[in-house]
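Q: Take a look at the following structure, please.
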Amino acid sequence: MKLERYFWILLGVLTLAFLGHVYTMLMVVDLTGPITGDYLVGPDESLYYRRAIVLHYDAMSTSLLETFATYHNYTKSLHWGNYYFLATMFGLFGVDLKYIAIFKAVLFCFFSLPLFYLFMRRYVEERVAFFFCIVLAFYAPFIIFLYSLLRDDLIFFLVVSSLFMSDKIIIDKKWVLLPLLFASLFLLFGFRVHMGLAVAAYITCRTFLELNVDIVVKRLFIFLFSVFVIYNALFIIDFLIDNSIVENIIALPITVLRLLLSPLPWQIADGINDIIRLWYIISFPIVIILSALYVVRFKESLPSLRTTLPFFALVVSYILPYASHSGLGFRQSAIIIPFLFGFIIIPTILYRVSLKSQVK
């Protein structure tokens with residue numbers, strides 16, 4: 001069947017990509033650590049590393065679970081996920097960063113992208129989902145995340161797994177996945193609260209579009225959506241107080257524009273490994289060309305408004321707090337862009353193409 005053919009072809013391509021990453025990690029760049037050699041280093045990564053080291057050594061005398069009661073002493077933040085992930089990896093493999101890089105490559109190539117394919121094929125043809133995942137395999141920000149201590153590729157996995165399981169529960173009534181969904185959401189909130197709330201907005205929207213879902217599920221997701229609204233309202237009120245009317249008006253469009261145009265090859269920080277910089281510069285036009293081919297080749301695959309509306313809720317819910325608070329950086333935008341293009345922008349373009357073909 002088509003699903004098996006495209007899925008296994010995708011796994012074959014991703015296996016080659018994984019082997020290429022492992023070869024690069026072991027033979028080309030220096031990832032022996034601690035933060036030395038060719039490992040991408042920035043202020044956030046240095047902070048993650050230092051605090052995770054302290055957490056790791058304290059957990060050696062007790063356990064990671066016992067330290068969680070006072071996690072804020074280690075993380076100084078609500079976002080505890082990446083610190084505990086790094087401390088766990090240090091406990092399993094020692095303070096050797098190449099094992100973290102290999103683990104992240106395994107997660108991206110054999111879990112995140114195949115799961116994204118299975119999630120996407122619910123809404124588009126198998127070949128379209130296959131093609132889009134091949135595009136994501138060249139997606140430069142994720143390549144950079146694999147060679148760093150940044151958390152964004154891990155967040156992407158948690159987002160995809162949460163969306164996939166929520167659809168299985170809401171549409172297919174696979175209630176056995178409910179504990180796993182809550183576990184995934186718990187971890188997602190630990191990595192980035194804004195992303196967890198955006199996924200809650202998606203789940204709420206998807207629930208109300210599926211009118212035959214159980215009333216208990218509706219009430220549960222109403223609660224999640226209420227939390228989301230209250231949380232974002234606090235950010236918006238704070239923003240309205242601290243900014244002028246003009247700043248309030250232009251903030252959201254500017255944030256959306258930055259999302260659509262970021263990241264670009266010339267926005268990469270100085271000092272990173274030359275091989276990774278070259279990969280980034282080359283992959284950018286590859287993604288642009290493949291996206292154009294996607295539109296031309298698969299114009300007959302058109303998700304409906306019922307498909308795109310929950311993704312619109314996901315993207316807007318994610319963008320809004322950044323527009324009203326701190327601004328959207330390229331790392332934050334990198335996670336949401338696959339959903340923005342795959343389920344909103346490209347379907348809109350395909351709709352225009354479809355209309356033109358009907359007129360002719």
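Q: Do the conditions hold for residue 123, that is, is it of a type outside the set (Gly, Ala, Ser), more than 30 Å from residue 98 (Cα to Cα) and surrounded by fewer than 23 Cβ atoms within 10 Å (Cβ to Cβ)?
A: Numbers: of a type outside the set (Gly, Ala, Ser): yes; more than 30 Å from residue 98 (Cα to Cα): yes; surrounded by fewer than 23 Cβ atoms within 10 Å (Cβ to Cβ): yes.
Considered against the rule, which asks whether it is of a type outside the set (Gly, Ala, Ser), more than 30 Å from residue 98 (Cα to Cα) and surrounded by fewer than 23 Cβ atoms within 10 Å (Cβ to Cβ), residue 123 comes out as yes.
Q: Do you know which of the residues in segment 146-181 that are among the aromatic types (Phe, Trp, Tyr) and within 11 Å of the chain's Cα centre (by Cα) is surrounded by the most Cβ atoms within 10 Å (Cβ to Cβ)? Spell out the reasoning first.
A: From segment 146-181, those among the aromatic types (Phe, Trp, Tyr) are 147, 156-157, 164, 175; that's our starting set.
Next cut, within 11 Å of the chain's Cα centre (by Cα) only: 156-157.
Details: 156: 26, 157: 21.
If we take residues in segment 146-181 being among the aromatic types (Phe, Trp, Tyr) and within 11 Å of the chain's Cα centre (by Cα), then 156 is surrounded by the most Cβ atoms within 10 Å (Cβ to Cβ).
Q: Given (1) farther than 21 Å from residue 307 by Cβ; (2) touching a helix residue (DSSP H, G or I) at 6+ places or on another chain (Cβ under 8 Å), identify the lone condition not met by residue 176.
A: Condition not satisfied by residue 176: (2).
Q: Still on this model: Please enumerate the residues belonging to segment 68-97 that are in a helix (DSSP H, G or I) and in contact with a Gly (Cβ under 7 Å, 6 or more places away or on another chain). It would help to see each step written out before you state the result.
A: So the first thing to find is which residues in segment 68-97 are in a helix (DSSP H, G or I), and the list is 68-75, 81-93, 97.
Those that are in a helix (DSSP H, G or I) and in contact with a Gly (Cβ under 7 Å, 6 or more places away or on another chain): 81, 97.
Q: Test each condition in (1) within 20 Å of residue 186 (Cα to Cα); (2) of a type in the set (Lys, Arg); (3) buried (at least 16 other Cβ atoms within 10 Å of the Cβ) for residue 98 and report the one that comes out false.
A: The number of the failed condition is (1).
Q: Report whether or not residue 113 is assigned to a helix (DSSP H, G or I) and not aromatic (Phe, Trp, Tyr). First the steps, then the outcome.
A: Numbers: assigned to a helix (DSSP H, G or I): yes; not aromatic (Phe, Trp, Tyr): yes.
It is true that residue 113 is assigned to a helix (DSSP H, G or I) and not aromatic (Phe, Trp, Tyr).
Q: Tally the residues that are of a type in the set (Gly, Ala, Ser) and modelled with pLDDT of 95 or more, restricting the search to segment 143-159. Spell out the reasoning first.
A: Restricting attention to segment 143-159, the residues satisfying the condition of being of a type in the set (Gly, Ala, Ser) are 148.
Within this subset, residues satisfying the condition of being modelled with pLDDT of 95 or more are none.
Counting residues in segment 143-159 that are of a type in the set (Gly, Ala, Ser) and modelled with pLDDT of 95 or more gives 0.
Q: Here is a further query. Just to verify a result, which residue in segment 182-192, among those that are of a type in the set (A, V, I, L, M) and under 16 Å from the mean Cα position of the chain (by Cα), is nearest to residue 68 (Cα to Cα)?
A: Only one residue fits best here, namely 187.
Q: Residues of segment 65-91 being modelled with pLDDT under 90 and of a type in the set (A, V, I, L, M, F, W, C), which ones?
A: 65, 68, 69, 78 - these are the residues of segment 65-91 that are modelled with pLDDT under 90 and of a type in the set (A, V, I, L, M, F, W, C).
The values are calculated or read from the model by the stated rules, or taken from the named source; none is laboratory data. A quick note: this is a predicted structure, and the numbers were derived from the prediction, not measured. Note that we place each Cβ from the backbone using ideal geometry, even for glycine, and neighbour counts take in every protein chain shown.
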